[in-house]
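Derivation of every value follows stated rules applied to the coordinates shown; laboratory data play no part. Everything quoted here is computed from the prediction, not taken from an experiment. In this analysis, Cβ positions are derived from the backbone assuming ideal geometry, glycine residues included, and neighbour counts consider all displayed protein chains.
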Amino acid sequence: MSTSGGSPDAPDSRHHPPLPPVRVERRAVSEAESRQANGPDWDRYADEYQATHGEFLGDVGFVWGPEGFTEAEAGILGEVEGRDVLEVGSGAGQCSRWVRARGGRAIGLDLSLRQLQHSRRIDEATGVVVPSVRATATALPFRDASFDVVFSSFGALQFISDLEVAVAETARVLRPGGRYAFSITHPTRWMFADDPGEEGLVASQSYWDRTPYVEVDDASGEVSYVEHHRTLGDWVAVLAGAGFVITDLLEPEWPAGHDRVWGGWSEVRGRLTPGTAIFGATRA
């Protein structure tokens, strides 16, 4: 991802270069500003994302990240058959469709209308239908204790400012003993440039700098994309503060022979340093 004015890069969870000309800033951004930027950004990018990555993700597939590590391998959700499951940041519903194919009652939620339109398209193509709603992770439109499992595969959490609110919302809609799991860009990646080559292995900024990464549209001056960084310790503290007991922290290794380049994710970097972190927790 290009920068201007000496601003550092940050891992881009969309895994694509910015579409309009932008300038990059590192500064505080509110939840409202993050939401207003990231919803339209995903609407603009959804077609390209599904065309580029849809085959890798699978119409009825559950991949936790660019390494190709699947839920079938991880088993971090536990048994899904007969359970009520919510995917936050569901995109085109590939993961929820995998859950439904295994007997779970999965529902998708996403901020991007265009991503949800792709979900409907795949519903019709596969016959595995994922009921979905357009909403935000910080205000889940469900009653208390509605779900046995909530998960996000690179969805929603890195794009919101009010993380504590989102995790508290997840705790609210989960039943006691329910499972919560999510994957994110590995926090250590924020030390490095977003480059899949050798330059992406050189630390260039502080791991403890939590200043959000912001793209501003050159033409309009409006914020067009935001991503928020937290350290591993931050994630642990937020989960514990919402009453979760952490049971898993997986850091998938890059598989031998896996030659896919996805934004800053690549074999060059993946064989030396983790690109994805997967948390698993249980609601007390």
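Across every pair of non-identical alpha carbons in region 240-284, the mean reciprocal distance, once inverted, gives a Kirkwood radius of 12.3 Å. About its Cα centre, the dipole of region 188-284 is roughly 540 debye, where the only charges are +1 on Lys and Arg Cβ and -1 on Asp and Glu Cβ. Considered as an equivalent ellipsoid built on the Cα gyration tensor, the chain has semi-axes of 27, 20, 20 Å, the largest given first. Its Cα gyration tensor gives region 182-226 an equivalent ellipsoid; the semi-axes, largest first and in whole Å, are 23, 14, 11.
Comparing 112, 174, 213 along the charge dipole axis of the chain, the residue lying farthest to the positive side is 174, per the Cβ-charge model. Between the Cα long axis of helix 113-126 and the first principal axis of the chain there is an angle of about 50°, rounded to the nearest 10. Computed per residue of the chain from DSSP H runs no shorter than four, each worth -39500 (n - 2.57), the mean residue ellipticity at 222 nm is -8500 deg cm²/dmol. Percent of C-alpha pairs per 10 Å bin in region 64-124, short distances first: 23, 51, 26, 0.
Subtracting the Cα-Cα distance of residue 73 and residue 139 from their residue separation scaled by 0.36 nm leaves 20.6 nm. Note that region 191-205 has calculated 3J(HN,Hα) couplings of 7, 10, 5, 7, 9, x, x, 4, 5, x, 9, 9, 5, 9, 8 Hz, one per residue in order, obtained from phi through the Karplus relation 6.51 cos²θ - 1.76 cosθ + 1.60 (θ = phi - 60°); glycine and proline are x. Remark: spin-label model distance residue 219-residue 203 equals 4.1 nm, labels positioned 7 Å along the Cα→Cβ axis.
Put in order of Cβ neighbour count within 10 Å, fewest first, the listed residues 164, 87 become 164, 87. Toward the positive end of the charge dipole of the chain, with +1 on the Cβ of Lys and Arg and -1 on the Cβ of Asp and Glu, the farthest Cα among 266, 163, 196 is that of 163.
Between helix 163-173 and the chain there is an angle of about 10 degrees, using the helix long axis and the longest principal axis of the Cα atoms.
Taking 30 Å as R0, compute the FRET efficiency from the Cβ-Cβ separation of residue 113 and residue 165 and round it to 0.05. The pair residue 113/residue 165 has a calculated efficiency of 0.85.
Max-minus-min Cα coordinates of region 136-234 on each principal axis give 45, 34, 21 Å, with the largest extent listed first. Against the main long axis of the alpha-carbon atoms of the chain, helix 31-57 sits at an angle near 80°.
Magnitude of the charge dipole for the chain, about its Cα centre and with charges confined to Cβ atoms of Lys, Arg (+1) and Asp, Glu (-1), is about 820 debye.
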